[in-house]
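**Student:** I am attaching a structure below and will ask some questions about it afterwards.
The values are calculated or read from the model by the stated rules, or taken from the named source; none is laboratory data. Note that the structure is a prediction, hence the values are computed from the model and not measured. Don't worry about glycine lacking a Cβ; one is built from the backbone with ideal geometry, like all the others, and counts go over all protein chains shown.
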Amino acid sequence: MILSFGSHINMEDTSNENLLRWKSLADYAHGKKIKIGGYSCSAPGK
């Protein structure tokens with residue numbers, strides 16, 4: 001499953017709370033044999 005717009009994933013948020021939230025979700029998904037990931041549609045700045 002790919003997480004993108006509308007999934008409320010914010011890969012720039014490195015707060016402990018955010019990391020724990022997504023780790024919990026990833027652990028649950030992996031327990032169900034589902035792989036998850038996310039992506040960002042941003043281009044490097046000039």
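**Student:** Taking into account only those residues within the stretch 2-34 that are in a loop (DSSP other than H, G, I, E, B) and exposed (fewer than 10 other Cβ atoms within 10 Å of the Cβ), which is modelled with the lowest pLDDT?
**Tutor:** PHE5
**Student:** Could you give me the residue pairs with C-beta distances under 9 Å whose first residue belongs to the stretch 17-46 and is closer than 19 Å to PHE5 by Cβ and of a type outside the set (A, V, I, L, M, F, W, C), whose second residue is in a helix (DSSP H, G or I) and modelled with pLDDT under 90 wherever it lies, and which are 6+ apart or on separate chains?
**Tutor:** From the stretch 17-46, the pairs are GLY38/TRP22.
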